[in-house]
Amino acid sequence: MRKIFTVTAATALLFAGSAMAQSSAATTSDGSYPVANLSPSAAAAPITIAEVEAAQRAWGAALVAISTEYKTNGQAAATRLAGQVLDAAYGYSLGPVAFKPTLAHGGTTFRTTREGALAYFVGGNPSFSGDTGFALKGWQSYQIDNAAVVINGTTAISTGNIMLTNDKGEVTTVNKTWGWVRDADGALRIVLHHSSLPFDPD
């Protein structure tokens with residue numbers, strides 16, 4: 001069952017993001033990690049549940065498209081397509097993105113830069129030598145099951161499962177949380193993407 005929450009003024013202070021007219025990247029006072037400062041645009045329209053669900057479907061379709069491109073035309077073509085997907089869907093042009101991929105580990109667990117995200121999806125980057133290309137694993141279809149969607153004006157967060165089916169008919173379930181903001185052109189941008197495999201107590 002889809003659960004949707006609209007955040008009231010009393011809880012709005014829990015959220016740091018908003019729609020952007022512009023963005024500036026900064027670091028913490030000790031320089032230990034990057035910070036994206038997103039400037040609000042009062043004219044921006046609130047995000048709708050239809051837009052959130054469309055953005056989720058677009059992400060799933062893009063993952064399948066990258067896998068198909070890899071199988072049909074090779075890694076270079078898949079890399080070009082993945083770069084286009086990142087530029088269209090993610091907020092790397094606005095600053096760092098809070099991206100924790102499903103299979104990343106060690107010193108490259110978090111991918112706050114476009115380079116790191118591209119390496120995760122398609123591999124081939126010696127700076128991320130452990131990446132084999134998550135988007136190159138023969139994905140054929142996807143299904144999204146939201147546990148909850150939280151909308152706060154020009155920010156939105158979803159959490160739930162995405163079920164990915166590969167070309168062998170095997171299904172991989174991934175726990176996924178996304179966060180979006182609306183950019184200055186009105187498009188939704190992913191600024192939070194956290195993926196993990198379901199916990200197995202055995």
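How fast does region 125-190 diffuse by Stokes-Einstein, in µm²/s, taking the Kirkwood radius from C-alpha pairs at 4 °C and 1.567 mPa s?
91
Spelling out what I want: for every residue of region 90-96, take phi, set θ = phi - 60°, compute 6.51 cos²θ - 1.76 cosθ + 1.60 (Karplus), and round to whole Hz; glycine and proline get x.
9, x, 5, 6, 9, x, x
Quick one: R114, R182, R80, fewest Cβ neighbours within 10 Å first, how do they rank?
Taking fewest neighbouring Cβ atoms as first place, the list is R80, R114, R182.
Taking neighbour Cβ counts within 10 Å as the exposure measure, how do E53, E170 sort from fewest upward?
E170, E53
For each of V85, V35, V174, count neighbouring Cβ atoms within 10 Å of the residue's Cβ, then give the residues from fewest to most.
Sorted ascending by nearby Cβ count, the order is V35, V174, V85.
Coordinate-derived values only; no laboratory data. All values derive from a computational prediction rather than experimental measurement. With ideal geometry, Cβ positions are generated from the backbone for all residues, glycine too; neighbour counts draw on all protein chains shown.
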